[in-house]
Amino acid sequence: MDSAALAEIAGPGFGDPVFDSQRVFRAVLDAMARPGRLARVDVALAPPAPLDPATAAVVLALADYDAPVWLDEAAGTDAVAGFLRFHCGCPLAAEPAQAAFALCVEAPSLARFNPGSDEFPEASTTVVIQVADLAANGPLTLRGPGIERAHRIAVAGLPDDFWAERDAANASFPRGVDVILACGRHVVGLPRTTRVEV
């Protein structure tokens, strides 16, 4: 299959791949540096279902041929796989622990991902989770680096035990799993250093 036919199947990606990737990358960096703050992903993108624009944009900006991506069952459609392979050239990981990035449309078990090691904590999996809603001033209180005192958010679409499981996944610092929540055109960063009080 030639590249034109593959592009038609995959669908359009970033309008300006370099500029849009840089904009999304900056938004993700800001979200991770200021945990709990909603960062807007301001690019025109119409990814295949079930992905929201922010979810797809984060993966397109971060993943490449050297960064395997794992897709959960809901995200693992032929359309999504083709979209990611064509637009960022990333290999798809067969197992969660093999992934540099994970794209999840349903709440995952964080214990399945690579937490890195004491020597190389940056080798851990970054987990991108699409949620039903994100809002400021909700029932979750965030504390830690990048937060002056505390910050509050609301997240819809995660089970109640997700936060305890996240605590367990990050209990052996510097090992742990960084999470990016995405909804619509917004993202929220949850680095492993951020404490979430329910």
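I129 falls short on exactly one of the conditions (1) surrounded by fewer than 20 Cβ atoms within 10 Å (Cβ to Cβ); (2) at pLDDT 95 or above; (3) within 23 Å of A56 (Cα to Cα), and that condition is (1).
If you check G76 against the conditions, is it surrounded by 17 or more Cβ atoms within 10 Å (Cβ to Cβ) and not in a helix (DSSP H, G or I)? No; evaluated as a whole, the condition is false for this residue.
Residue-level check: of (1) at pLDDT 95 or above; (2) part of a loop (DSSP other than H, G, I, E, B), L84 misses just (2). Just one of the listed residues (L84, L45, L51, L60) is in contact with a His (Cβ under 9 Å, 6 or more places away or on another chain), of a type outside the set (S, T, N, Q) and crowded, with 22+ Cβ neighbours inside 10 Å, namely L60. Selection within the stretch 33-73: residues that are touching a Ser or Thr at 6+ places or on another chain (Cβ under 8 Å) and part of a helix (DSSP H, G or I). The member of this set that is farthest from G11 (Cα to Cα) is L62.
If you filter the stretch 156-189 down to residues that are part of a strand (DSSP E or B) and within 15 Å of P108 (Cα to Cα), you find that the one that is nearest to the chain's Cα centre (by Cα) is I180.
Scoring G138 on the criteria (1) assigned to a strand (DSSP E or B); (2) in contact (Cβ under 8 Å) with a residue 24 or more places away in the chain; (3) in contact with a Lys or Arg (Cβ under 7 Å, 6 or more places away or on another chain); (4) not polar (S, T, N, Q) leaves a single failure, condition (2).
Would you check if there is a residue in the stretch 148-163 being farther than 24 Å from A46 by Cα and in contact with a Phe, Trp or Tyr (Cβ under 7 Å, 6 or more places away or on another chain)? Within the stretch 148-163 (the criterion being farther than 24 Å from A46 by Cα and in contact with a Phe, Trp or Tyr (Cβ under 7 Å, 6 or more places away or on another chain)), the answer is no, since none of the residues qualifies.
Reported count of residues in the stretch 87-126, each being among the aliphatic types (A, V, I, L, M), assigned to a helix (DSSP H, G or I) and more than 21 Å from C183 (Cα to Cα), is 3.
Hey, does the stretch 147-156 have a residue that's in contact (Cβ under 8 Å) with a residue 24 or more places away in the chain and more than 24 Å from T194 (Cβ to Cβ)? No, the stretch 147-156 contains no residue that is in contact (Cβ under 8 Å) with a residue 24 or more places away in the chain and more than 24 Å from T194 (Cβ to Cβ).
In the set (1) over 18 Å from R185 (Cα atoms); (2) modelled with pLDDT under 95; (3) within 16 Å of the chain's Cα centre (by Cα), the condition left unmet by L71 is number (2).
The values are calculated or read from the model by the stated rules, or taken from the named source; none is laboratory data. What you see is a predicted model; the values in this text were computed from it and never measured. So basically every Cβ, Gly included, is an ideal-geometry build from the backbone, and we count neighbours across all protein chains shown.
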